[in-house]
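Attaching a single structure in structure tokens format; questions to follow.
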Amino acid sequence: MSASRRAAGWRAGLAHAEAVTCLGESLAETALLMRAGISGVGLSDFVDAEGHRVVACACPALPPDLPSRERLLALAAHALAGVHRRRVASGPPPAARPPILLLGLPARFALEPGSYELNVGGRDFVQRLSAALPPDWAGADIEAFPFGRAAGAIAMARALQLAESRRDVIWGGVDTLLHWPALEALQQRDRLLTNENVDGVRPGEAAAFAMVTPTGREDGWVAGLGLGREPHPVGSEAPCRSDGFAQALASAVEPLRAAGRRCAVWTLDASHEKHATREVQNIIARFGDVLDPATDLRMPLKALGDVGAAALPLMAALVLQDWAHGVARDGLAVLAAGSDDGARGALLLAAREPDAAARAAHRHERKEPA
């Protein structure tokens, strides 16, 4: 990493992002349809306790009756194959040693809540995914982070530790809520979005990954990272003040405050739940000094469903795609996501040339000549 980028606080590059979602089998397709306002909502084959089919955001490339473990494997393998193709096409030779894959996973794969250790199902999935990697990624070390939506931030903290290593580092996550035990647990807590219950979660599924690099042909940079824990998450009897998100975001946006800069692209993992809406309201109230008045406030899980551990990597991939095509409002982006157990994470991303990217987006909106 160059001295100027170090001075700017840019800690590691992101490149070669790829994703698969309910809207597309590629990041480009997903980003295009998201900008068009398309939603991937449809009826699933799951039937709730009232006899109604569950509305969900399922990947159309997967058979509807495919078991959840197989869905996870297919989603992850497909997205990772896309990252591999982009990595090979970029030109620089691969690292001499196999890569390190930092893998966000559903919390149900943890041996116990809040544990890094995987249960039997998690270990089996990691072994099967290892066997499905491209041949020249054989022998990759896979470090799993079974923390749900906050997994991406926790995995990124590890990625930043490894960014100066001589090995390729892959960061991302995969998840599916099209898993009957997960749906049943949501329904038992009145958290499943239905026609009768508008205060709930819409199940989704996705996988998203990117390469983390200290130099090279990066598409964006990690400029800030924050972690936190909400003492009163969803389901708690005490009111949520969003202290966990405030803690995570305060660390992530520190470079903005230090530079007296506002950001006009914010992406949050808010769903249709009232609890999530209140967290967004609390965040806006606390971070008005770095929130641009013309902010493009994005909540992609409303269109893509709750994608769990893929949330932050997918948000990051969508931002990188917008920068690549010059359609972003700003050359900086704030991302935040939180797990049901209270874990919270936030990222500040910067484009390769953030000021130039911001000027290009401004010209694009006003149709001014370059």
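The values are calculated or read from the model by the stated rules, or taken from the named source; none is laboratory data. Keep in mind it's a predicted model, so treat the numbers as computed, not measured. Cβ coordinates were reconstructed from backbone atoms using ideal geometry, including for glycine residues, and neighbour counts include every protein chain displayed. For accessibility, only protein heavy atoms count, side chains too; no ligands or nucleic acids. Shrake-Rupley method; radii C 1.70, N 1.55, O 1.52, S 1.80 Å.
Only one of (1) surrounded by fewer than 22 Cβ atoms within 10 Å (Cβ to Cβ); (2) over 11 Å from PRO99 (Cβ atoms) is not met by PRO134, so which one is it?
Of everything listed in (1) surrounded by fewer than 22 Cβ atoms within 10 Å (Cβ to Cβ); (2) over 11 Å from PRO99 (Cβ atoms), PRO134 misses just condition (2).
Does ARG298 qualify as being of a type in the set (Lys, Arg) and more than 30 Å from VAL83 (Cα to Cα)?
no
Condition first: of a type outside the set (A, V, I, L, M) and modelled with pLDDT of 95 or more. Now tell me which residues in region 203-219 satisfy that.
If the condition is that a residue be of a type outside the set (A, V, I, L, M) and modelled with pLDDT of 95 or more, then PRO203, GLY204, GLU205, PHE209 are the ones that fit.
Is it the case that THR194 is among the β-branched types (Val, Ile, Thr) and out of contact with any helix residue (DSSP H, G or I) (no Cβ under 7 Å at 6 or more places or on another chain)?
yes
Here are some residues: VAL41, VAL88, VAL47, VAL55. Which one is under 30 Å from SER165 (Cα atoms) and either among the β-branched types (Val, Ile, Thr) or without any contact (Cβ under 8 Å) to a residue 12 or more places away in the chain (or both)?
When all the criteria are applied, what remains is VAL88.
Just the residues that are open to solvent by 40 Å² or more (accessible area, probe 1.4 Å) and within 19 Å of ALA96 (Cβ to Cβ), please, taken from region 143-182.
The answer is GLU164, SER165, ARG166.
Suppose we filter ARG53, ARG71, ARG97 for residues that are of a type in the set (D, E, K, R), touching a Lys or Arg at 6+ places or on another chain (Cβ under 7 Å) and more than 24 Å from ASP322 (Cα to Cα); which single one remains?
So the residue among ARG53, ARG71, ARG97 that is of a type in the set (D, E, K, R), touching a Lys or Arg at 6+ places or on another chain (Cβ under 7 Å) and more than 24 Å from ASP322 (Cα to Cα) is ARG97.
Evaluate the following for GLY51: is it loosely packed, with under 13 Cβ neighbours inside 10 Å and more than 21 Å from ALA207 (Cα to Cα)?
Yes; evaluated as a whole, the condition is true for this residue.
Within region 1-36, take every residue that is among the hydroxyl-bearing types (Ser, Thr, Tyr) and modelled with pLDDT of 95 or more and give me the one that is most open to solvent (accessible area, probe 1.4 Å).
SER26
Filter region 228-246 down to residues that are at positive phi and open to solvent by less than 10 Å² (accessible area, probe 1.4 Å), then give me how many there are.
Residues in region 228-246 being at positive phi and open to solvent by less than 10 Å² (accessible area, probe 1.4 Å): 1 in total.
Determine whether region 150-158 contains at least one residue that is in a loop (DSSP other than H, G, I, E, B) and under 30 Å from SER130 (Cα atoms).
No: zero hits.
Would you point out the residue of region 185-198, among those that are of a type outside the set (Lys, Arg), touching a residue at least 40 places away in the same chain (Cβ under 8 Å) and loosely packed, with under 15 Cβ neighbours inside 10 Å, that is farthest from SER236 (Cα to Cα)?
Per the stated criteria, the residue is ASN195.
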